[in-house]
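Structure, as structure tokens:
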Amino acid sequence: MLLLLPSVPVEGGELRLMRSVLISLQRVQAASITKQESLDLPPGARPALYCSNKCTLRDWCQLWCAYPSNTPTHCLISNITVMPTYQETNMADVLTCHTTRPKDLATHATITAGKQFMSYPLRVKENLLDGFYNYNRDHCFHTKSSNRNRWFTLDFGQPKCFQHVILHAVIYDLAKKRFNNVQVRVSNVTAVTPPEDFAAYDLFGEFHGAASPGQVVEMKSPKPVCARFITGQMLYNNRFQVCHIEVF
Ligand SMILES: *[C@@H]1O[C@H](CO)[C@@H](O)[C@H](O)[C@H]1NC(C)=O
Ligand SMILES: *[C@@H]1O[C@H](CO)[C@@H](O)[C@H](O)[C@H]1NC(C)=O
């Protein structure tokens, strides 16, 4: 569902596209590393208009929720990353919130990847597909360091078309080692030996050098590209850490 609201008081009636998503209030509030604000809803204010405006006026805002759900008295505004395709499992305090993030293909794709660095058992590859990222490093994927392991592949099941690939580096200074010289490639070929065979895939985008803390790397192709597989591979010799991915 799309919600288009005029972002008053911006002149010229600029529209900002927001998409609704069901998410647990507690899950949003518990994201302690995020930037967030809770605002009182003034008497008589329309929650959707008031909250979406407050979100639009803050460049860091990526999600707003009016709560409690039946008779809202507050707006929660957060920079948490929640995809519109996110599937909430905790329905006890679920709310309809609105996200600035686009509908994408990564959420609910399937993933294969190099071996995970086992000292951090929570940092599994599946974290890249859940449509939720609150900047906590345990929501990232973290590989072992050898060349054989510094990669992941998303499989959409059939060729899908997209123009953007967004990758988030971890928010700490270690981003410079964990996200450094990364290539994104695309292909339809199923029988490959990763990562050696990735060289034969088409290059979609490249990130040179070291990421800054929390850097959001956006790769954009001038025209839509269609492919069943997307791979991300780090060429720098360290452990590869990716915290969130979007494909649209
Ligand atoms: C969200 O806020 C946290 C805490 O201030 C920050 O570290 C992170 O980079 C922010 N992310 C975005 C996408 O604004
Ligand atoms: C994958 O297949 C689709 C449909 O057959 C085609 O349009 C696309 O160009 C192919 N992509 C690559 C990277 O070969």
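The values are calculated or read from the model by the stated rules, or taken from the named source; none is laboratory data. Predicted, not measured: the structure shown is a model, and the values here were computed from it. Virtual Cβ from ideal backbone geometry, glycine too; neighbours counted across all protein chains shown.
Kindly state which strands (runs of 3 or more DSSP E) lie completely within segment 22-86 and contain at least 3 residues that are farther than 27 Å from residue 172 by Cβ and touching a strand residue (DSSP E or B) at 6+ places or on another chain (Cβ under 7 Å). Talk me through it step by step, then tell me what you get.
Working: elements: 36-40, 63-67, 74-78.
Of the strands (runs of 3 or more DSSP E) lying wholly inside segment 22-86, those with at least 3 residues that are farther than 27 Å from residue 172 by Cβ and touching a strand residue (DSSP E or B) at 6+ places or on another chain (Cβ under 7 Å) span 63-67.
Residue 39 - would you say it is within 16 Å of ligand 2 (Cβ to nearest atom), more than 17 Å from residue 135 (Cα to Cα), at pLDDT 95 or above and not acidic (Asp, Glu)?
no
Give all pairs with beta carbons closer than 7 Å in which a residue from segment 186-210 that is farther than 14 Å from residue 153 by Cα meets a residue that is modelled with pLDDT of 95 or more and near ligand 2 (Cβ under 10 Å from one of its atoms); count only pairs at least 6 apart in sequence or on separate chains.
Filtered contacts from segment 186-210: no entries.
Pairs please, first residue from segment 157-185 and within 10 Å of residue 219 (Cβ to Cβ) and in contact (Cβ under 8 Å) with a residue 60 or more places away in the chain, second anywhere and within 16 Å of ligand 1 (Cβ to nearest atom) and polar (S, T, N, Q), Cβ atoms under 9 Å, 6+ apart in sequence or on different chains.
Taking only residues 6 or more apart or on different chains, the pairs are 167/215.
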